[in-house]
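Below: one structure, written as structure tokens.
The values are calculated or read from the model by the stated rules, or taken from the named source; none is laboratory data. Owing to the predicted nature of the structure, the values given are computational and were not obtained by experimental measurement. Because the Cβ atoms are built from the backbone with ideal geometry, glycine has one as well, and the counts that use them run over all protein chains shown.
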Amino acid sequence: MSRQKTRRFEETFKARNVIEETKPHYHQMKGNWNRDFFGNDAPITLEIGCGKGEYSVGLARINADKNFVGVDIKGDRLWKGSKQAMEEKLNNVGFLRAQVEHIDGFFEPNEVECIWITFPDPRPRDRDIKRRLTSPRFMEHYKNLLKPGGVVYFKTDSTSLFEYTLEVLAEREDIQDLVYTFNLYESEYMDEHHGIKTKFEQKFHDLGEDIKYLKFRFVQ
């Protein structure tokens, strides 16, 4: 491990706004985020596979009355969002270092108001289909976490992953209010992403790749 990575892991371990396995309250967060972490009753939004936390931090900046949790397994990525949030004194955003497939172990049913899935790994190989963050098993996790009426937002540059996701949703009988576009920046939904761009979004947009976007609710 490089010195830089080692330093970042050490800083992440010390950071108050990061929950990870090395910390004693790691297994005690389920149902307790508002009381024990944020200290308020504001609604919670998750960013799944948050990477460096651009969306979590960006949304926290413009929504002081809401709480945000970015989830990712890569500690050196979370370091960036954690550091930025602390520098800006954003107390309404935190980060969870954990595997997304274990997300039910950290949030109670109906504990979350919204979920953002931003530019996940498309995992194009057939053997990795179950690991896609919009696969049926992950959809079940999201449905379990969301409050009635909660919204799932999804953005990607990958046409194949976007089409796969639409197929997954079409096969379900519990999806409502689905809207989507294959070109967010030329659509009526442009304002819904609040002008926040992840590193990957900026990269692919600069290369001329259309950004795909959808949102939906589960029938409870």
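Tabulated results
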| read-out | value |
| --- | --- |
| The stretch 204-220 residues that are more than 15 Å from residue 178 (Cβ to Cβ), paired with ones that are of a type in the set (A, V, I, L, M) and buried (at least 19 other Cβ atoms within 10 Å of the Cβ) (beta carbon under 7 Å, 6 or more apart) | 205/211; 211/184 |
| Matching entry among 151, 112, 168 (being surrounded by fewer than 21 Cβ atoms within 10 Å (Cβ to Cβ), in contact with a strand residue (DSSP E or B) (Cβ under 6 Å, 6 or more places away or on another chain) and under 26 Å from residue 197 (Cα atoms)) | 151 |
| Close pairs from the stretch 20-32: first under 19 Å from residue 100 (Cβ atoms), partner in a loop (DSSP other than H, G, I, E, B) and among the small types (Gly, Ala, Ser), Cβ under 9 Å, at least 6 apart | 20/98; 21/98; 26/98 |
| Elements of type strands (runs of 3 or more DSSP E) in the stretch 92-157, at least 1 residues being farther than 19 Å from residue 32 by Cβ and touching a residue at least 40 places away in the same chain (Cβ under 8 Å) | 112-118, 146-156 |
| Filter result for the condition that a residue is part of a helix (DSSP H, G or I) and either in contact with a strand residue (DSSP E or B) (Cβ under 6 Å, 6 or more places away or on another chain) or among the charged types (D, E, K, R) (or both), over 203, 215 | 203 |
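Conditions tested, residue by residue: (1) out of contact with any Lys or Arg (no Cβ under 7 Å at 6 or more places or on another chain); (2) at pLDDT 95 or above; (3) surrounded by fewer than 21 Cβ atoms within 10 Å (Cβ to Cβ); (4) within 18 Å of residue 140 (Cβ to Cβ).
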| residue | (1), (2), (3), (4) |
| --- | --- |
| 38 | yes, yes, yes, no |
| 42 | no, yes, yes, no |
| 65 | yes, yes, yes, no |
| 68 | yes, yes, no, no |
| 81 | no, no, no, no |
| 96 | yes, yes, no, no |
